[in-house]
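Notes follow once the structure below has been shown.
The values are calculated or read from the model by the stated rules, or taken from the named source; none is laboratory data. In this text, all values refer to a predicted model and were calculated from it rather than measured experimentally. Every residue, glycine among them, receives a Cβ derived from its backbone with ideal geometry; neighbour counts consider all protein chains shown. We work out accessible area using only protein heavy atoms, side chains counted, and drop any ligands, DNA or RNA first. Shrake-Rupley method; radii C 1.70, N 1.55, O 1.52, S 1.80 Å.
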Amino acid sequence: VKKPIRNFSNETNYEYGIKAGFPRISYLLDKYDIKCTWTTCALSLERAPKIAEYIRERKHEACSHGYRWVHQFRLNEDEERSFIKKATDSIERTTGKRPFGWLSRYLLTENTRRLLIEEGYKYHMDDYSDDKPFWDTCNSGNIIVMPYAIDTNDMKFWTDPALTPDQWLKYAVDTFDWLYEEGERGHCKYMSLGLHLRIIGRPGRIGAFEKFLHHICSKKDVWITSREDIADLFAKQNPI
């Protein structure tokens, strides 16, 4: 069996996110006083301690993206349980707080949600079905599903055909404005904006992110916060 060739040049894209993207994004988060969720593989925080320190000092949330990226192969239940626990323990060591949210990367099985409940997770992000949280129940207990969004994600810069920064900004603003209007009519929603250090952190794109922040911060009655905070409020207002 031939082993895949390691793509060293592609790995430098991720190094760019740590070296150049992170300072730009953290600067804007601080400038606009934004609290957010950092969805991260545990191993990446072990290897980039300055980012873990930033999350800890600024009291952001670290959501687990697994221990390390697992490509599409099958784990049995015990292996998946161990994988979840290893990621949980690692993030607690690096940030000082255990994660309470989970987003899989190529690892979502019929056991995942049940194992997350057993490990004490509050919410799960592997869902695209709504613009608001909801409860899911299994034989292990209950967990809040916090739907994610791919259409506003900055991966739209990375795929072919790709959006320009202006196109992405318009789409993100249009999404926010529509949800904001629904909220004014009494139908409270949340907007998910998924960003990557190596993508939005490029000098030709970071300006679009600042324009988006400026737009949403100019609106009244907008809560910009972490997923954990939203999940906690949802649980309080909607007891199982």
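Compute, for the stretch 5-120, the length of the dipole vector about the Cα centre, with Cβ point charges of +1 (Lys, Arg) and -1 (Asp, Glu) only. Units Debye, rounded to 20. Write down the numbers at each step before the final one.
Numbers: 21 positive and 17 negative charges, 65 e Å.
In debye, rounded to 20, the stretch 5-120 gives about 300.
Over 24 Å between C-alpha atoms is what I'm after, so list which of 86/122; 170/219; 85/132; 122/170 land there.
Over 24 Å Cα-Cα: 85/132; 122/170.
Calculate, for residue 219 and residue 9, the FRET efficiency according to 1/(1 + (r/R0)^6) with r their C-beta to C-beta distance and R0 25 Å; round to the nearest 0.05. Can you show the working numbers first?
Working: r = 42 Å, r/R0 = 1.67.
Calculated transfer efficiency: 0.05.
State whether the stretch 5-164 is rounded, prolate or oblate according to the following rule on the C-alpha gyration tensor (a ≥ b ≥ c being the square roots of its eigenvalues): a/c under 1.5 gives rounded; otherwise a/b larger than b/c gives prolate, and the remaining case gives oblate. Walk me through the intermediate numbers first.
Working: a/c = 1.39, a/b = 1.34, b/c = 1.04.
Rounded shape, in that the Cα axes give a/c under 1.5.
Name the residue farthest towards the positive end of the dipole of the stretch 2-123 from the options 40, 21, 115, assuming +1 on Cβ of Lys and Arg, -1 on Cβ of Asp and Glu, about the Cα centre.
With unit charges placed on the Cβ atoms, the residue in question is 21.
Considering only DSSP beta bridges whose two residues both sit in the chain, what percent are antiparallel, to the nearest 5?
35 percent
Kindly state, to the nearest 0.05, the FRET efficiency for residue 149 paired with residue 47, given R0 = 25 Å and r defined as their beta-carbon distance. Mind dumping the intermediate values first?
Values: r = 28 Å, r/R0 = 1.12.
For R0 = 25 Å, the calculated efficiency reads 0.35.
Can you give the Rg/Rh ratio of the stretch 99-160, where Rg is from the C-alpha atoms and Rh is the Kirkwood radius? Before the final figure, lay out each step's value.
Working: Rg = 12.9 Å, Rh = 12.6 Å.
With Rg and the Kirkwood Rh in hand, the quotient comes to 1.02.
If you place +1 on the Cβ of every Lys and Arg and -1 on the Cβ of every Asp and Glu, how big does the dipole about the Cα centre of the chain come out, in debye to the nearest 20?
860 debye
Fully extended, how many nm does the chain gain between residue 189 and residue 177 (0.36 nm per residue separation, minus their Cα-Cα distance)?
Numbers: separation 12, 0.36 × 12 = 4.32 nm, distance 1.14 nm.
Computed gain between residue 189 and residue 177 is 3.2 nm.
I'd like the chymotrypsin sites (Phe, Trp or Tyr not before Pro) in the stretch 102-204 restricted to DSSP loop residues with at most 14 other Cβ atoms within 10 Å, sorted by number. Walk me through the numbers on the way to the answer.
Working: sites: 102, 106, 121, 123, 128, 134, 135, 148, 157, 158, 168, 171, 176, 178, 180, 190; in loops: 106, 121, 128, 148, 158, 190.
Of the chymotrypsin sites (Phe, Trp or Tyr not before Pro), the ones in loops of the stretch 102-204 whose Cβ has at most 14 other Cβ atoms within 10 Å are 106, 128, 158.
Give me the percent of the accessible area of the stretch 120-240 that comes from carbon and sulfur atoms, probe 1.4 Å, all protein chains in place.
The nonpolar share, carbon plus sulfur, comes to 53 percent.
Can you give the extra length, in nm with one decimal, that the chain gains between residue 142 and residue 238 once fully stretched, where that is 0.36 nm per residue apart less the Cα-Cα distance?
Working: separation 96, 0.36 × 96 = 34.56 nm, distance 1.25 nm.
So the extension gain works out to 33.3 nm.
Which of the trypsin sites (Lys or Arg not before Pro) found in the stretch 6-65 are in a DSSP loop and have at most 12 neighbouring Cβ atoms, other than their own, within 10 Å? Walk me through the numbers before you get to the answer.
Numbers: sites: 6, 19, 24, 31, 35, 47, 50, 56, 58, 59; in loops: 6, 35, 58, 59.
Of the trypsin sites (Lys or Arg not before Pro), the ones in loops of the stretch 6-65 whose Cβ has at most 12 other Cβ atoms within 10 Å are 6, 59.
Taking only the C-alpha atoms, wrap a convex hull around the stretch 139-237 and report its volume per residue in Å³ as a whole number.
Numbers: hull volume 13.3 nm³, N = 99.
Here the figure is 134 Å³ per residue.
On a C-alpha basis, how far is the centre of the stretch 180-217 from the centre of the stretch 47-88 in Å? Whole number, if you could?
Their Cα centres are 25 Å away from one another.
In nanometres, what is the gap between the two model label sites at residue 164 and residue 79, each 7 Å from Cα along Cα-to-Cβ?
4.7 nm
Place a point 7 Å from Cα of residue 56 in the direction of its Cβ. Which residues in the stretch 92-112 have their backbone N less than 14 Å from it?
92-99
Within the stretch 86-178, report the trypsin sites (Lys or Arg not before Pro) that DSSP leaves as loop and that have at most 15 other Cβ atoms within 10 Å.
Details: sites: 86, 93, 97, 105, 113, 114, 122, 156, 170; in loops: 97, 105, 122.
Counting only loop positions with at most 15 other Cβ atoms within 10 Å, the trypsin sites (Lys or Arg not before Pro) in the stretch 86-178 are 97, 105.
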